[in-house]
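Asker: Quick one: the structure is below, questions incoming.
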Amino acid sequence: MTSISADPRPLRTADLGTLVIMSWSRETPDGDVPFLLACSLGDGEGGPEAVPAAVEGLLSRSGLAVGGDTVLDATVLTGLPIGLLVVPGAAALTMPGVNAQFVPTPQWRAAVDRRGYACLIFATRPWSGGEPGDGEAVAAFANHADTLSSAAQVVLPVRSLRG
């Protein structure tokens, strides 16, 4: 589920198409690390060819650069307009123009609870095949050199609702 909100600066949301968020965790010697992959399905008005420019525009509005080996650590930055809200059974990635809600895997939720952050890979490259929910397909896409070299990568602190 994704909703696009109004913003005074023009953004060609029709070229974004369907934006999907996929969660998974990777096992490391220090415990599981939670990851999020955000990408377009390439089904917008301009087709897959229009996705990179549309996503880059969306990311630049949030102060994110794409490409390179840079991983932005939002756990130590203030004022970055990107948030990750996690509640029991659901989570939401928010940034200017986007409020993307998703149902995380139990393993991802456990890793987020332990670490207090998740690693976001926001791909400018459209999803290239396979079922978006298939773990192997997600890992292959997210770890592909073409995806990583043209993505924004951010370590996002987790927020939760306090009762």
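Asker: Looking only at residues in the stretch 103-135 that are among the hydroxyl-bearing types (Ser, Thr, Tyr), surrounded by fewer than 21 Cβ atoms within 10 Å (Cβ to Cβ) and under 24 Å from residue 66 (Cα atoms), which one is nearest to the chain's Cα centre (by Cα)? Show your work before the answer.
Answerer: We begin by selecting, within the stretch 103-135, every residue among the hydroxyl-bearing types (Ser, Thr, Tyr); these are 105, 117, 124, 128.
Still in the running and surrounded by fewer than 21 Cβ atoms within 10 Å (Cβ to Cβ): 105, 117, 128.
Filter again for under 24 Å from residue 66 (Cα atoms), leaving 117, 128.
Working: 117: 13, 128: 16 Å.
Checked the stretch 103-135; the qualifying residue nearest to the chain's Cα centre (by Cα) is 117.
Asker: Report yes if residue 110 is at pLDDT 95 or above, over 22 Å from residue 72 (Cα atoms) and not acidic (Asp, Glu), otherwise no. Break it down into steps so the answer makes sense when it comes.
Answerer: Details: at pLDDT 95 or above: yes; over 22 Å from residue 72 (Cα atoms): yes; not acidic (Asp, Glu): yes.
Yes.
Asker: Any chance the stretch 63-73 includes a residue that's under 25 Å from residue 129 (Cβ atoms), touching a residue at least 24 places away in the same chain (Cβ under 8 Å) and not aliphatic (A, V, I, L, M)? Write out each step before concluding.
Answerer: Taking the stretch 63-73 and keeping what is under 25 Å from residue 129 (Cβ atoms), we get 66-67.
Now narrow it down to the ones that are touching a residue at least 24 places away in the same chain (Cβ under 8 Å): 66-67.
Right, trim to not aliphatic (A, V, I, L, M) and you get 67.
Yes, some residue in the stretch 63-73 is under 25 Å from residue 129 (Cβ atoms), touching a residue at least 24 places away in the same chain (Cβ under 8 Å) and not aliphatic (A, V, I, L, M).
Asker: Residue under question is residue 129, and the condition is that it be in contact with a helix residue (DSSP H, G or I) (Cβ under 8 Å, 6 or more places away or on another chain) and on the phi > 0 side of the Ramachandran plot; does it hold? Walk me through it before giving the result.
Answerer: On the way: in contact with a helix residue (DSSP H, G or I) (Cβ under 8 Å, 6 or more places away or on another chain): yes; on the phi > 0 side of the Ramachandran plot: yes.
Yes; evaluated as a whole, the condition is true for this residue.
Asker: If you don't mind, another one. Taking interchain pairs and intrachain pairs at least six residues apart, which have beta carbon atoms under 6 angstrom, with the first residue in the stretch 89-104 and on the phi > 0 side of the Ramachandran plot and the second at pLDDT 90 or above and not small (Gly, Ala, Ser)?
Answerer: 97/58
Conditions tested, residue by residue: (1) crowded, with 19+ Cβ neighbours inside 10 Å; (2) more than 15 Å from residue 118 (Cβ to Cβ).
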site: 24; (1), (2): yes, no
site: 28; (1), (2): no, no
site: 45; (1), (2): no, yes
site: 52; (1), (2): no, yes
site: 96; (1), (2): no, yes
site: 101; (1), (2): no, no
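Asker: Among the residues of the stretch 115-163 satisfying the criterion of being of a type in the set (Lys, Arg) and part of a loop (DSSP other than H, G, I, E, B), which is modelled with the highest pLDDT?
Answerer: Going through the stretch 115-163, the residues of a type in the set (Lys, Arg) turn out to be 115, 125, 159, 162.
Narrowing the set further to residues that are part of a loop (DSSP other than H, G, I, E, B) leaves 125, 162.
Values: 125: 95, 162: 68.
Only one residue tops the list, namely 125.
Asker: What are the residue pairs meeting all of these: first residue in the stretch 31-56, first residue hydroxyl-bearing (Ser, Thr, Tyr), second residue surrounded by 17 or more Cβ atoms within 10 Å (Cβ to Cβ), Cβ atoms under 6 Å, and 6 or more apart or on different chains?
Answerer: Here the result reads 40/16; 40/17; 40/19; 40/51; 40/126, each pair linking the stretch 31-56 to a residue that is surrounded by 17 or more Cβ atoms within 10 Å (Cβ to Cβ).
Asker: May I pose another question? Go through (1) under 27 Å from residue 160 (Cα atoms); (2) surrounded by fewer than 17 Cβ atoms within 10 Å (Cβ to Cβ); (3) within 14 Å of the chain's Cα centre (by Cα) and name the single condition residue 87 misses.
Answerer: (3)
Asker: Which members of the stretch 57-107 meet the condition of being in contact with a Leu (Cβ under 9 Å, 6 or more places away or on another chain) and part of a helix (DSSP H, G or I)?
Answerer: 57, 58, 61
Asker: A further question on this structure: So, of the residues in the stretch 30-43 that are of a type outside the set (A, V, I, L, M) and farther than 14 Å from residue 121 by Cα, which turns out to be surrounded by the most Cβ atoms within 10 Å (Cβ to Cβ)? Break it down into steps so the answer makes sense when it comes.
Answerer: Pass one, the stretch 30-43, residues of a type outside the set (A, V, I, L, M): 30-32, 34-35, 39-40, 42-43.
Next cut, farther than 14 Å from residue 121 by Cα only: 30-32, 42-43.
Working: 30: 8, 31: 11, 32: 17, 42: 19, 43: 13.
Of everything passing the filter in the stretch 30-43, 42 is surrounded by the most Cβ atoms within 10 Å (Cβ to Cβ).
The values are calculated or read from the model by the stated rules, or taken from the named source; none is laboratory data. As the structure is a computational prediction, the values presented were derived from the model and not from experiment. Cβ: placed from backbone, ideal geometry, glycine included. Neighbour counts: every protein chain shown.
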